[in-house]
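Working notes, beginning with the structure itself.
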Amino acid sequence: MLFFGSSIFGQISLNSIRNGFSGAGSSSSNSTTKNNAGTSTHDSPKFAAAGREWYVSATRGTGQLGTKKKPAKDLGNIIHHLKPNDIIYIAAGTYTSKGDMGSDEINVPVKIYGGYDETFTKRDPWGEYKTIMTGTNDYMKSTSPRIYIRTDQQREDNGQLSEGSEIVVEGLIIDNGPRNRYHEDQDLAIRRTANAPTNKNPAPESGGIVITGSKYTDVKVQHCVIMNTAPTQGALSTRVHAGGKCVIYNNLLINNTGNAIQLMTGYTGSDDKLIPKYHVQNNTTLFTWKHDAVASYGGNGCKTDQNLKVTLEKNVFAFGHMGGVYSQSTPMIMNNNLFSGNLKYDFKERNTMMNVNEILDESVNLDQNSEGNESALIQINVAERWAKIYASRQIISRADVDAAATASNSGANQLRSMLGLNLQGNDVAMDADIFLPRLMLDEGLPAGFMLWNGKGCGKPAFN
């Protein structure tokens, strides 16, 4: 069965976040919001202040004025100027951050919109005007998340932690391929250690977009592509604190380790009104690898913390090295999601692994009104070159590695035997020849242009 293409996606109104996610999957012709001040009754003074608009262009940017007429050259060049509720518009181009560090860290709530032409009047973030956030693998460059927004440490003048406002990331393409270190530079298997003699950094063990909000801070990530990242946790990872809401909509997450989407909580209390809420809709996760070749963790399309309320709707969770959705006993609604090609399970709740047709029968925390979830064979529109590499990968398990280890009769083992200690095994190769092989943007992006009966992401369109 094929994905059938569609280009129906516009922007979700920010009001849908404030209003309990109503219309979370709706289409709109608006390209951005002009609301650059906090609107919540919980906004603290700093997070309620109106921000300004910034413009960034790799082609004609210069200096740090960041105006429409004189844009900055890179987001990294103006981060130290950003204030709460600033809005950043980024034109098409390839961005490697200040000093080619490959990571942008922002500590105030902002809204970032990519995919513009040089006049900032047209948008086509997955087409003509791609805003590509990447870096290099040079030694001593950053291995932090490519886009890292954290506001939970910000304080008011009286010392109290700041609260409220909104964080938005929209229309960015995160490609860590150029940031990764590959074995013998063949782009077939990543290496997580540095190699100083060859001036090589380790492949970053971090996500593409990582967001941690303050209390009552709402988050939205939509129309983004994240690929070739090698995190322990999420390629797209959000941590929402007490009273906050998060929308994750129409994103393509392809060829990443860890969990493609990771939903986390910053709230440990029991007040039902404060438990963070997530609405995850029309996203496509493909080819999500374990953390490493012999790891027993990672490899999920979506992983969720316990103290959350989550709705998963019309997503495609496919080709996870472990599974589709891993719920840590999360109260959850799942409607009309598609699961395909996951190796161990479609849905896992704590230690219980389930296929789609077993979920309603065996899940403890899934809302029994959930419906329409299905499993089907699907054909993914990726380049033949990469597909052949992926199909020839070797899947290694920890059990296989342990079974292959034998204890040597070394002096150290003779001593350990006399002391009643376990013997040490010989080294066994633990790296696969193919592991997170680099996927080029033009090879993988077409997979995000397609829907399967309304499920998964589609190419965003703006008027």
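What's the Kirkwood radius of region 114-224 in Å, using all Cα pairs?
16.3 Å
In debye, nearest 20: dipole of region 175-301 around its Cα centre with unit charges on the Cβ of K, R (+) and D, E (-)?
Dipole magnitude for region 175-301 comes out near 260 debye.
Using the Cα atoms of region 333-394, I'd like the radius of gyration and the largest Cα-Cα distance, Dmax, both in angstrom.
Reported Rg and Dmax, both Å: 14.7, 43.
Debye calculation, C-alpha points only, no solvent: report log10 I(q)/I(0) for region 176-245 at q = 0.11, 0.14, 0.19 Å⁻¹, in the same order as the q values.
-0.38, -0.54, -0.77
What distance in nm separates the two pseudo spin-label positions at Val364 and Ile333, each 7 Å out from Cα along the beta-carbon direction?
If labels sit at Val364 and Ile333, their model points lie 2.3 nm apart.
Starting from the coordinates of the alpha-carbon atoms of region 49-108, obtain the Kirkwood hydrodynamic radius over all distinct pairs and give the value in Å to one decimal. Numbers along the way, then the final one.
Working: mean 1/r = 0.0874 Å⁻¹.
One over the average 1/r among Cα pairs gives 11.4 Å for region 49-108.
Just want the ordering: Tyr89, Tyr249, from fewest to most Cβ atoms lying within 10 Å of their own Cβ. Walk me through the numbers before you get to the answer.
Working: Tyr89 24, Tyr249 28.
Ordered from fewest to most neighbouring Cβ atoms within 10 Å, Tyr89, Tyr249 come out as Tyr89, Tyr249.
Averaged over every viewing direction, what's the projected area of the C-alpha convex hull for region 263-388? Give it in nm², one decimal, please. Mind dumping the intermediate values first?
Values: hull surface 33.8 nm².
With the hull built on Cα positions only, its mean projection is 8.5 nm².
Work out the FRET efficiency for Glu374 and Asp152 from their Cβ-Cβ distance, taking R0 = 35 Å, and round it to the nearest 0.05.
Once the sixth-power term is evaluated, E becomes 0.40.
Provide Phe317, Phe339 in ascending order of the number of other Cβ atoms located within 10 Å of each residue's Cβ, fewest first.
Lowest count first: Phe339, Phe317.
Would you mind ranking Cys224, Cys246 so that the residue whose beta carbon has the fewest other beta carbons within 10 Å leads the list? Please list the in-between numbers first.
Values: Cys224 32, Cys246 26.
Arranged by neighbour count, lowest to highest, Cys224, Cys246 become Cys246, Cys224.
Sticking with the crude label model, points 7 Å out along Cα→Cβ, report the distance from Ser270 to Thr198 in nm, one decimal please.
5.5 nm
For region 308-333 and region 61-122, compute the distance between their C-alpha centroids and round to whole Å.
Computed from Cα coordinates, the inter-centre distance equals 33 Å.
In sequence order, what are the phi-derived ³J(HN,Hα) couplings for region 183-194 according to the Karplus relation 6.51 cos²θ - 1.76 cosθ + 1.60 with θ = phi - 60°, rounded to whole Hz, with x for glycine and proline?
Karplus-based 3J(HN,Hα) across region 183-194 equals 4, 6, 6, 9, 6, 9, 8, 6, 10, 9, 10, 7 Hz.
Which aspartates and glutamates have a Cα less than 12 Å from the Cα of Lys455, not counting those fewer than 8 places away in the same chain?
List returned: Glu313, Glu374.
Rounded to whole Hz and in sequence order, give me ³J(HN,Hα) for region 374-381 from the Karplus expression 6.51 cos²θ - 1.76 cosθ + 1.60, θ = phi - 60°, writing x for Gly and Pro.
Coupling constants for region 374-381: 8, 10, 7, 6, 10, 9, 9, 8 Hz.
Bear in mind these aren't lab numbers, they're just calculated from the coordinates by the rules spelled out. Remember, it's a predicted structure, so these values are computed and weren't measured experimentally. Note: ideal-geometry Cβ built from the backbone for every residue, glycine included; neighbour counts use all protein chains shown.
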